[in-house]
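Read the structure below first, then the notes.
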Amino acid sequence: MTTPDAPVPGPGILTIAPYVAGESATEGANTVTKLSANENPHGPSEKARDAVRRVAEEMQLYPESDHLGLRSAIGEVHGLDPARIVCGAGSDELISLLCNAYAGQGREVIYTEHGFAMYPISALASGATPVKVAECARHADVAAILAAVTEATGIVFLANPNNPTGTMVSDTALKTLAEGLPRHVMLVLDGAYAEYVPGYDGGAALVDAHPNVVMTRTFSKLYGLGGLRVGWMYAQPGIIDVMNRMRGPFNVSSAGLAAAEAAMRDRAWVEHCRMENETWRAFLTEELRAIGLPTDDSQANFVLPEFPSEAMAKAADARLRAHGIIVRAVGGYGLPRHLRITVGDEVACRRVVAILKEFMEQPA
């Protein structure tokens, strides 16, 4: 055997295409409206801001390792057992830890055709093989997911609502999926956008009913704390025990913990942001359809209009950028004729519609 002359990464690492975040600048524009990363245009709760200001006086101290304050707040608001909650540096960290713990070499990780890019990245980083399953008109296909399961399957990831499509799997279909999976296969229900769906528990009831179902959530979207990187997970005690053994002892910062706890308890701000999103998401959807851009009914904080061709999608992206508006091209998700547009405030939404209306009338 030839000895390498430099450290060699594990299997699959060098096949990873690095995650590309939403851009925040565009050439030639003095003022930029960023609608590329699904951020809350209204920002976080003022109570969350105050919490960060308070802990800023104690930055020399390590954060709580047990995250008890935040776990308790989550448990109170959602009616969950805090002992079955673990917090992470965004739900991305928790997804990665799950792959490291329950996938790895020789295992497979299933995700859907237009699913979140971090699923195959985390699978490959753990040494597992990502398996992509076709969707049906940008909706996850439960029958196709179940048909793709093999003895090597370790995890099935399903975002609900999904990013970047905004579509959802019904409660009935989710139950079918959970009941149809072998007990050795973990089902991870990624609820990053669950807060935008009134009455939806993100899959918590399925977690209670099945030993192999996990729910992940985040404070990066509706709560407006993307810059602090805070996520959480709800699972059966055995899985929580594994996660606590694997995570770093101080994986969430003091600022993140304090802000997230305050944000979780400020239900009035949460509802205000959700209602604003609902109003302007409906406006965008209706207006985009009216100018000839088919748009699925999104359940999240973005819409995904389809253009007549890939070339027109690129041209529309360029036109928006020329006006200082940055949206997300999603060719990397297998949707080259679409643009993902975050639901901004009223001014941003009206500008997007006006620019695209003019573009569709005069694309050249």
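Cβ-to-Cβ counts within 10 Å put Ser298, Ser96 in ascending order as Ser96, Ser298, the fewest first.
Each Lys or Arg adds one and each Asp or Glu subtracts one; over the other residues with Cβ under 11 Å from the Cβ of Thr129, this totals +1.
Amide H contacts of Glu108 (H built 1.01 Å from N, in plane; Pro and chain starts excluded): Thr129, Thr153, Gly154, Ile155 sit under 5 Å, all sequence-distant by 5 or more or on other chains.
For Ile110, Ile325, the sequence from fewest to most other C-beta atoms within 10 Å is Ile325, Ile110. In the calculated pair distance distribution of segment 46-265, what percentage of Cα-Cα distances lie above 22 Å? So the portion of pairs separated by more than 22 Å is 48 percent.
Put the Cα centre of segment 285-364 next to the Cα centre of segment 63-97 and the gap is 36 Å.
Charge dipole (Cα centre; +1 on Lys/Arg Cβ, -1 on Asp/Glu Cβ; no other charges) of the chain amounts to roughly 320 debye. Farthest towards the positive end of the charge dipole of the chain, among the residues Ala137, Ala205, Ala235, is the Cα of Ala137, using unit charges on the Cβ of Lys, Arg, Asp and Glu. Note on Met312, Met233: ascending count of other Cβ atoms within 10 Å places them as Met312, Met233, the fewest first. Taking the centroid of alpha carbons for each part, segment 134-161 and segment 200-267 are 23 Å apart. Computed 3J(HN,Hα) for segment 186-196, one whole-Hz value per residue from the Karplus formula 6.51 cos²θ - 1.76 cosθ + 1.60 where θ = phi - 60°, is 7, 9, 9, 8, 8, x, 4, 10, 4, 5, 7, glycine and proline marked x. When the trypsin sites (Lys or Arg not before Pro) in segment 124-189 are filtered for DSSP coil states and for at most 13 other beta-carbon atoms within 10 Å of their beta-carbon, the remaining sites are Arg183. For the chain, adding -39500 (n - 2.57) for each run of n ≥ 4 DSSP H residues and dividing by the number of residues yields -12000 deg cm²/dmol at 222 nm.
No value in this document is a laboratory result; all are computed from the given coordinates. The structure displayed is predicted, hence computed values, not measured ones. Heads up, the Cβs are rebuilt from the backbone with ideal geometry, glycines too, and the neighbour counts pull from every protein chain shown.
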